[in-house]
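Report on one structure; see the data block that follows.
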């Protein structure tokens, strides 16, 4: 198995990067949709129905598959011999940040369900603030992997 992972290392890394890009795009965009939904949309309007569809499709058709493929290809990279030295700090900071990113993804899924049920209690300002979290986590992840601090 390890020979197979080593043979396909560059392919695995390429698909991991593509998956991460798609996931990050969704993590940046969905909270922005929530900002507009919370601030501009009236309950039971055509605009609300449109936002509901956009939010659901973004989460279900793009973000969830991208997160799953990010994890699958990332774990394949971790299992590839010689790629990760667990005695260093960087894989642990990356792992903690990816877990936090996954928790944020799940939090967004919960907020989408709140909007769908008409139970949203958060303001556009709160969603704007939360929209910064994936950026901070991305910075930690990229610095961890590239600089290997």
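Summary table below
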{"item": "Residue list for the stretch 125-144, filter: surrounded by 14 or more Cβ atoms within 10 Å (Cβ to Cβ) and either touching a strand residue (DSSP E or B) at 6+ places or on another chain (Cβ under 7 Å) or part of a helix (DSSP H, G or I) (or both)", "result": "126, 127, 128, 130, 133, 134, 137, 138, 140, 141, 143, 144"}
{"item": "Candidate set from the stretch 69-94 (those that are exposed (fewer than 15 other Cβ atoms within 10 Å of the Cβ) and under 19 Å from the mean Cα position of the chain (by Cα)); member that is farthest from residue 145 (Cα to Cα)", "result": "72"}
{"item": "Unique match (being more than 21 Å from residue 20 (Cα to Cα) and surrounded by 16 or more Cβ atoms within 10 Å (Cβ to Cβ)) among 104, 51", "result": "51"}
{"item": "Flag if residue 55 is under 15 Å from residue 120 (Cα atoms), in a helix (DSSP H, G or I), at pLDDT below 95 and touching a helix residue (DSSP H, G or I) at 6+ places or on another chain (Cβ under 8 Å)", "result": "no"}
{"item": "Single residue of 38, 66, 47, 43 found to be over 23 Å from the mean Cα position of the chain (by Cα) and in contact (Cβ under 8 Å) with a residue 12 or more places away in the chain", "result": "43"}
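The values are calculated or read from the model by the stated rules, or taken from the named source; none is laboratory data. This is a predicted model, so every value here is computed, not measured. Using ideal geometry, Cβ is built from the backbone for each residue, glycine included, and neighbour counts are taken over all protein chains shown.
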